[in-house]
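Each remark here refers to the structure printed beneath this line.
The values are calculated or read from the model by the stated rules, or taken from the named source; none is laboratory data. From a predicted model like this one, the values you see are computed outputs, not experimental measurements. For neighbour counting, all protein chains shown are included, and Cβ atoms are generated from backbone atoms with ideal geometry for every residue, glycine included.
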Amino acid sequence: MKTLTVKLAQSEYEIKIGANLLGQAAREISALGFREKCAIITSPGLERLFGASLLSHLKSAGYEAGLIAVPEGEQQKSLEWAGRLYDRLCELRAERQTPVLALGGGVIGDLAGFVAATYLRGVPLVQLPTSLLAMVDSSVGGKVAVDHGRLKNNVGTFYQPRLVLADISTLRTLPRLEMENGLAECIKCAIIQDEGLFTLLESHIEELKRGDESLIEEIVSRCVAIKAAIVEQDERDLGPRNVLNFGHTVGHAIEAVSNFKVPHGRAVAAGMVTAAIISHKMGYLSTADRTRICSLIDLAGLDSRLPAGISRAGILEAMQYDKKKSGRGLRFVLARKIGAVALEDGVSPALVAEALGEQDG
């Protein structure tokens, strides 16, 4: 097991990464001082795989525990479902010191985190990510949100967890598509700050896709360390943290235009290729590094072409609503080389359209 500590201005919390950690949840939660009640928020599929046994484990340890299952899908990450969860927490008689345990991927983590942040003006949050994507990205850093209208994560806040337990044993049940979704974020972490990690991914991508747990633990730990260090510098996303959005400007637009039918990993993969092309065309990124980025995305099994039915015009229109759009034009995180990126304001929509044109499926 590997343990990292995120140290913020007014709080700190541990991220524990290893196998079979869900079986230690009662002990870990008790060590934080929560010893009476807890509420698990998960999905029906994960309830069958892990939730029922986690509930039994907590009850055996003396907790008055309840489980709330939310249907699968990004469309459940809504104010409507937040309201339903408030009702269920009331029924469970949740109190200010009743931790919410978010057992699932990014949708569950974001939704449960938003509910924990707002119920009774804030109850403790424990993230129990069960997907590679959630382990390296959404469970770390304190961004919690729901979607509203066609916009992703546009109603939310910053609310740090009290603990993250990343049980990599849960990845054994992860479908191949979901593993590839997570690999997109691992590749992103390497591009923005760690060329050595990028090389490791190039060399061992097949073992990673096959589920080598020692390799997964190493990759997850390195990605989490990158994100944690950036979050420590900029908890509220006012500057340096923007680099974590490499590939996400176009990626979020693709998700929005598709009504969230395109998986996050595929959308971000397309966004990273777009950013690499723009970086190259603006003279920042070498041809060799552009090729390496595109090749690794292909090796990971990620389709970086624009999905069928999604137009360049639609993507450009959706990007006008991006939370990080600059008043002077489109804002992108662009690569200078593998392992180094910088924020660029005022990227020409025509250049973006040209880069997207190279990716038409």
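Overview of results
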{"read-out": "Candidate set from the range 250-287 (those that are surrounded by 24 or more Cβ atoms within 10 Å (Cβ to Cβ) and among the polar types (S, T, N, Q)); member that is nearest to Gln76 (Cα to Cα)", "value": "Thr274"}
{"read-out": "Glu207 among the acidic types (Asp, Glu), at pLDDT 95 or above and part of a helix (DSSP H, G or I)", "value": "no"}
{"read-out": "Scope the range 253-274; condition touching a His at 6+ places or on another chain (Cβ under 9 Å) and within 16 Å of Leu316 (Cβ to Cβ); matching residues", "value": "Glu255, Ala267, Gly271"}
{"read-out": "Close pairs from the range 257-271: first touching a residue at least 24 places away in the same chain (Cβ under 8 Å) and within 19 Å of Arg176 (Cβ to Cβ), partner surrounded by fewer than 24 Cβ atoms within 10 Å (Cβ to Cβ) and of a type outside the set (A, V, I, L, M), Cβ under 6 Å, at least 6 apart", "value": "Val262/Pro307; Gly265/Glu180; Arg266/Asp303; Ala269/Ser304; Ala270/Ser304"}
{"read-out": "Among the candidates Ile310, Ile297, residue that is of a type in the set (Val, Ile, Thr), within 19 Å of Gly265 (Cβ to Cβ), assigned to a loop (DSSP other than H, G, I, E, B) and in the same structural domain as Ile205 (by TED's automatic domain parsing)", "value": "Ile310"}
{"read-out": "Checklist (1) at pLDDT below 90; (2) in contact with a Pro (Cβ under 6 Å, 6 or more places away or on another chain) applied to Leu316, failing item", "value": "(1)"}
{"read-out": "Output for the range 173-204, where each listed residue is among the charged types (D, E, K, R) and at pLDDT 95 or above", "value": "Glu185, Lys188, Asp194, Glu195, Glu202"}
{"read-out": "Conditions (1) part of a helix (DSSP H, G or I); (2) aliphatic (A, V, I, L, M); (3) more than 19 Å from the chain's Cα centre (by Cα); number of the one not met by Ala228", "value": "(3)"}
{"read-out": "Qualifying positions in the range 51-78 - assigned to a loop (DSSP other than H, G, I, E, B) and within 25 Å of Glu178 (Cβ to Cβ)", "value": "Val70, Pro71, Glu72, Gly73, Lys77, Ser78"}
{"read-out": "Pick from the range 62-77, criterion touching a Leu at 6+ places or on another chain (Cβ under 8 Å) and not aliphatic (A, V, I, L, M), ranking: surrounded by the most Cβ atoms within 10 Å (Cβ to Cβ)", "value": "Lys77"}
{"read-out": "Single match in Lys188, Lys261 (criterion: out of contact with any Asp or Glu (no Cβ under 8 Å at 6 or more places or on another chain), closer than 28 Å to Gln359 by Cβ and outside any loop (DSSP other than H, G, I, E, B))", "value": "Lys188"}
{"read-out": "Filter result (within 21 Å of Val146 (Cβ to Cβ) and polar (S, T, N, Q)) within the range 224-275", "value": "Asn245, Thr249, Ser258, Asn259"}
{"read-out": "Residues of the range 77-128 satisfying the condition of being within 17 Å of the chain's Cα centre (by Cα) and of a type in the set (Asp, Glu)", "value": "Asp110"}
{"read-out": "Selection within the range 2-44 - farther than 20 Å from Ala65 by Cβ, without any contact (Cβ under 8 Å) to a residue 24 or more places away in the chain and not in a strand (DSSP E or B)", "value": "Gln10"}
{"read-out": "Some residue of the range 294-311 being surrounded by fewer than 24 Cβ atoms within 10 Å (Cβ to Cβ), under 29 Å from Ser203 (Cβ atoms) and of a type in the set (Ser, Thr, Tyr)", "value": "yes"}
{"read-out": "All positions within the range 45-72 that are without any contact (Cβ under 8 Å) to a residue 40 or more places away in the chain and of a type in the set (Gly, Ala, Ser)", "value": "Gly45, Ala52, Ser53, Ser56, Ser60, Ala61, Gly62, Ala65, Gly66, Ala69"}
{"read-out": "Of all residues making up the range 333-361, the number that are in contact with a Gly (Cβ under 6 Å, 6 or more places away or on another chain) and at pLDDT 95 or above", "value": "0"}
{"read-out": "Residues within the range 88-119 that are of a type in the set (A, V, I, L, M) and either part of a loop (DSSP other than H, G, I, E, B) or over 25 Å from Leu133 (Cβ atoms) (or both), tallied", "value": "3"}
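One line per residue, one yes/no per condition, for (1) small (Gly, Ala, Ser); (2) closer than 19 Å to Gly265 by Cα:
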residue: Glu72; (1), (2): no, yes
residue: Arg96; (1), (2): no, no
residue: Val100; (1), (2): no, no
residue: Leu103; (1), (2): no, no
residue: Gly109; (1), (2): yes, yes
residue: Gly122; (1), (2): yes, no
residue: Gln127; (1), (2): no, no
residue: Leu132; (1), (2): no, yes
